[in-house]
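S.K.: Quick one: the structure is below, and I'll ask about it shortly.
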Amino acid sequence: MPPTRAALAATALIVLMATACADAPTRTATGVRILVEFTTPTDGAAPATRAFLEATGGVPVRYVTAVSGRTHAYRLACPPQDDTCSAALDALRRAPAIRSVTPDHLKDTP
């Protein structure tokens, strides 16, 4: 007996829901994702760059991706509402080698 439209629609819905669940972002990554724009083109993935950011901000930093030659995404290992995180962001914004530091809200939303 051929499948009915309702059965096909239900199967399609189940497949779509399973795919959506598989693609949902996990919340295992903690901290604050930021975009750092440097004053000059910078290798954002270089260990020296990460060491500079960690020394300046005072928190562990994980490189995420390049946005451009000067702008890179990082994740600071500190809770978003924590004073340590606020202090790290302020310290990074004051660094002469950094033009701007902004939260990466677009990529940090589920």
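Bear in mind these aren't lab numbers, they're just calculated from the coordinates by the rules spelled out. All values derive from a computational prediction rather than experimental measurement. Positions of Cβ are backbone-derived with ideal geometry, glycine not excepted, and every protein chain shown enters the neighbour counts.
S.K.: Please give the length that would be gained between residue 81 and residue 100 if that part of the chain were fully extended, namely 0.36 nm times their separation in residues minus their C-alpha to C-alpha distance (nm, one decimal).
M.R.: Full-extension gain reported as 4.8 nm.
S.K.: Could you work out how far apart the two model spin labels at residue 48 and residue 93 are, taking each label as a point 7 Å from the Cα in the direction of the beta carbon, and quote it in nm?
M.R.: 2.8 nm
S.K.: Counting pairwise Cα distances across region 49-94, what percent come out greater than 13 angstrom?
M.R.: Result for the distance tail: 54 percent.
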